Amino acid sequence: TMVSLFWRSDELLITMLGFLPLRTRLILRQVCKMVDRICRLHPPTSFDLAYTPPHLMGHVLDYIINDVGERTQFVNLHGYQGDEDINSVLQRLCRACTRLQSLSVQFCIDLRDSGLEAIANNCLDLQTLSIWDCYKVSEGAFINLLDSCKKLEIMDLRGMESLTDVAMQKLSELPHVSHLSLTGSRCTAWGFANLLQMRNASLRRIGCMCLQGGGSSETISGPNLVELQVGYSSGEFCVDLQNLPNLKFLGISGNLRIRVDWRHLGHTKLEQLMADRCRFGTDFFAAMAEWGGRMTYMCLLDPIEWSYDLLMPMLPKFTCLRQLKITKPSASFLHALHDCKSLTFLWVERMDSTIDRWEALRGFTNLSHLYVQLAKDEAGMHNNVPISVANIPVLAILQCMPLLRCLYLHDVHLEDHFIGGLAQIHPKLETLDVQSTRLSTSILTDLLRFYKLRQLYVPDQVYSDRHFSKTILDKMPYLQVYGTMLSNSHHMVSDAFAAWVDGRRMLPAKGYRERDAIKPPYSFVTICDFEQDPIYNSTET
């Protein structure tokens, strides 16, 4: 088993090396001297400091500022947890790193105008900037940044509540902007459409959910637009597929005022569709019958005035479909999905817990990700009571999925012995989510048998047990995310950290709201085959 020692204390490393034979220690000493000499001659230019422990953050920042300086090109301060104020850190960092090209300070909620001014005054070569959820920054400071940093191409501005159409107008004047994420801003449909029109040639990806209405209908088009997300907006749009020849991802979820002429789907390269809570007409199903064979991802949760049965005749043509999200499917539709041989990710919400539906899951032998949430009545939802599956052979069904790596079971009543049986058939699981069950701390021994777990979500009463949490984090070397969905356990994070492994790099989970934000860019797992970039692919599962 390989274990990263990067975040361990120096004292622990010295103690561990002390157990090695003398000859080995002498060889390591020479190797370390050579590595140190090489690093001094060729220092690194990129530093990923996301969630770096406070006792290390200061040392790393001093090294960047004093030793590397203007050679630094990339710095990621995602979730900064240092003792020094983030604004003073940016003032020191930007003065030293004047050639910085990429900077991420997302989730640094204490970032204010002074921090942004430091970036604007010093980092004129900046190309990529992420200030997601830095809502204390004013629109004026952001506009001043745009006036200085003319080379900006990629910006993640989600959660920037201060930004209005004035900022959108300023963004449209940037000559190289290609990637924008604006969800959570106060941009209107008119401002969004104007931005698209002004930067028609350069924009490749843009997303702005929850847009405010702008009065009249706005037409969306763009010859180079690859990704478009305008879901859950009150604005009225017409998506001109005929003038979106390079479009690969379209997100129109929750917006009944969006008009899409699906007859022109063949003019695009559309492969990924997020359209939950949408209403479709006959033109959509005709387009899917002809062009559905190239779809790789579809999110069709909560259909409005149509049923999945309308898709059943064309499912054999969906030969490339790898990921699908659906709600309350019938047993016949689940059986029909077996024709999608490439399906590796299946997300089923509010499934009726009937034997025929569970048995239909047996046929998905190629699944690597399975999410199942059972439907509850009003009393069950109010009392948060999991649904019993005592008469369902869940383990036998999961045994038919030999490639399974990620399993999410929500609102499913599981017994403690289930974890032991699951560990026998799927010991290589990388993600296990059983947080909304009634399991007890007696599952500890069985959980440790999942030696490759990277993400683990457990029930609240289990998570709150200090001994249980400490043992899990001590014994699971690959674990990166650990938590529960219930908010009343969040106070355990800071208390438990004191008892956990010193220096362990760990991202505490804080429930669905923040876990959904990890989507790259809008799905729970990676759905995009686009070119890698620091903003959309920095926090993938």
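Specify which of the listed residues (465, 502) is more than 23 Å from the chain's Cα centre (by Cα), surrounded by fewer than 18 Cβ atoms within 10 Å (Cβ to Cβ) and modelled with pLDDT under 80. 502 is the lone residue from the list that is more than 23 Å from the chain's Cα centre (by Cα), surrounded by fewer than 18 Cβ atoms within 10 Å (Cβ to Cβ) and modelled with pLDDT under 80. Can you tell me how many residues within the stretch 320-367 are hydrophobic (A, V, I, L, M, F, W, C), touching a strand residue (DSSP E or B) at 6+ places or on another chain (Cβ under 8 Å) and part of a loop (DSSP other than H, G, I, E, B)? Adding up the residues that qualify gives 5. Quick check on residue 173: is it within 23 Å of residue 101 (Cα to Cα) and either surrounded by fewer than 24 Cβ atoms within 10 Å (Cβ to Cβ) or at pLDDT below 90 (or both)? Here the answer is yes, as residue 173 does meet what is asked.
In the set (1) over 25 Å from residue 346 (Cβ atoms); (2) open to solvent by 50 Å² or more (accessible area, probe 1.4 Å), residue 310 fails one condition alone, (1). Checking each residue in the stretch 164-176 for being out of contact with any helix residue (DSSP H, G or I) (no Cβ under 6 Å at 6 or more places or on another chain) and either closer than 20 Å to residue 247 by Cβ or in a loop (DSSP other than H, G, I, E, B) (or both) picks out 164, 173, 174, 175, 176.
Okay, residues lined up against (1) touching a Cys at 6+ places or on another chain (Cβ under 9 Å); (2) open to solvent by 50 Å² or more (accessible area, probe 1.4 Å); (3) over 24 Å from residue 226 (Cβ atoms); (4) modelled with pLDDT of 95 or more:
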{"site": "258", "(1), (2), (3), (4)": "yes, no, no, no"}
{"site": "262", "(1), (2), (3), (4)": "no, no, no, no"}
{"site": "266", "(1), (2), (3), (4)": "no, no, no, no"}
{"site": "279", "(1), (2), (3), (4)": "no, yes, yes, no"}
{"site": "286", "(1), (2), (3), (4)": "no, yes, yes, no"}
{"site": "291", "(1), (2), (3), (4)": "no, yes, no, no"}
{"site": "314", "(1), (2), (3), (4)": "no, no, yes, no"}
{"site": "326", "(1), (2), (3), (4)": "yes, no, yes, yes"}
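Among the residues of the stretch 468-499 satisfying the criterion of being in contact with an Asp or Glu (Cβ under 9 Å, 6 or more places away or on another chain) and either among the polar types (S, T, N, Q) or modelled with pLDDT of 85 or more (or both), which is most open to solvent (accessible area, probe 1.4 Å)? Step by step, filter the stretch 468-499, then rank; the result is 488. Which of the residues belonging to the stretch 150-168 are farther than 20 Å from residue 133 by Cβ and open to solvent by less than 70 Å² (accessible area, probe 1.4 Å)? Within the stretch 150-168, 153, 165 meet the criteria.
Could you tell me which of the residues 370, 374 is modelled with pLDDT of 95 or more and touching a strand residue (DSSP E or B) at 6+ places or on another chain (Cβ under 8 Å)?
Details: 374 fails: modelled with pLDDT of 95 or more.
Of the residues listed, the single one that is modelled with pLDDT of 95 or more and touching a strand residue (DSSP E or B) at 6+ places or on another chain (Cβ under 8 Å) is 370.
Of all residue pairs spaced 6 or more apart or on separate chains, those with beta-carbon atoms under 6 Å, a first member in the stretch 88-103 that is closer than 18 Å to residue 131 by Cα and a second member that is open to solvent by 10 Å² or more (accessible area, probe 1.4 Å) and of a type in the set (S, T, N, Q) are 94/122; 101/73; 101/127; 102/128.
Of a type in the set (Gly, Ala, Ser) and either in a helix (DSSP H, G or I) or modelled with pLDDT under 80 (or both): is that true of residue 58 in this structure? Criteria met by residue 58.
A Cβ distance below 7 Å, combined with a sequence gap of six or more or placement on separate chains, defines the contacts here; from the stretch 221-245, residues that are closer than 17 Å to residue 210 by Cβ reach residues that are open to solvent by 50 Å² or more (accessible area, probe 1.4 Å) and not charged (D, E, K, R) in the pairs 232/210; 233/210; 234/212; 235/212.
Find the residue count for the stretch 268-277, including only residues that are open to solvent by less than 30 Å² (accessible area, probe 1.4 Å) and in contact with an Asp or Glu (Cβ under 9 Å, 6 or more places away or on another chain). Give the steps one after another, and end with the answer.
Initially, the stretch 268-277 is screened for residues open to solvent by less than 30 Å² (accessible area, probe 1.4 Å), giving 268, 270, 272-276.
If we keep only those that are in contact with an Asp or Glu (Cβ under 9 Å, 6 or more places away or on another chain) as well, we get 272, 276.
Adding up the residues that qualify gives 2.
The values are calculated or read from the model by the stated rules, or taken from the named source; none is laboratory data. What you see is a predicted model, and the numbers here were worked out from it, not measured in a lab. Here Cβ is always computed from backbone atoms with ideal geometry, including for glycine, and neighbour counts include all displayed protein chains. Calculation scope for accessible area: heavy atoms of the full protein, side chains included, ligands and nucleic acids excluded. Shrake-Rupley method; radii C 1.70, N 1.55, O 1.52, S 1.80 Å.
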